[in-house]
Amino acid sequence: MMPKKRYSSFNVTPQTGVEVARDCLKACRKLKTACPKENSSCRNWIDYEKEYNCLIETLDKNDDMTLRDIADRLGISFVRVKQIQDKALKKISHLLKDEAI
């Protein structure tokens with residue numbers, strides 16, 4: 001059995017990234033507290049305490065979000081979110097073109 005890794009006041013057994021994030025979120029919900037700042041190295045950590053500082057919680061609660069909503073949650077400008085979206089779409093387009101060849 002894999003050893004448990006300690007995160008703040010609760011334990012999470014190392015698993016896949018999504019399972020770890022969901023376990024972390026369950027612990028935060030149970031403790032009724034936001035994910036600790038020490039866990040900011042987590043890929044799903046965002047600085048938004050209303051939703052336990054967790055991207056998974058944000059996505060669960062808000063199916064469709066505008067770019068402005070995303071910018072507010074991440075604490076960055078709408079323009080920066082748009083730049084990130086454009087870059088991601090460009091990467092996807094290139095991947096699809098390369099795959100078609």
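The values are calculated or read from the model by the stated rules, or taken from the named source; none is laboratory data. Because the structure is predicted, anything quoted here is derived from the model rather than measured. With ideal geometry, Cβ positions are generated from the backbone for all residues, glycine too; neighbour counts draw on all protein chains shown.
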Self-check item: Tabulated pairs, the range 67-91, first over 24 Å from TYR52 (Cβ atoms) and not assigned by TED's automatic domain parsing to the domain that holds GLU49, second among the acidic types (Asp, Glu) and not in a helix (DSSP H, G or I), C-beta under 8 angstrom, 6+ apart or interchain
Solution: none
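With respect to ARG6, determine if the residue is exposed (fewer than 11 other Cβ atoms within 10 Å of the Cβ), among the charged types (D, E, K, R) and modelled with pLDDT under 75. Let's see the steps before the verdict.
Working: exposed (fewer than 11 other Cβ atoms within 10 Å of the Cβ): yes; among the charged types (D, E, K, R): yes; modelled with pLDDT under 75: yes.
Yes.
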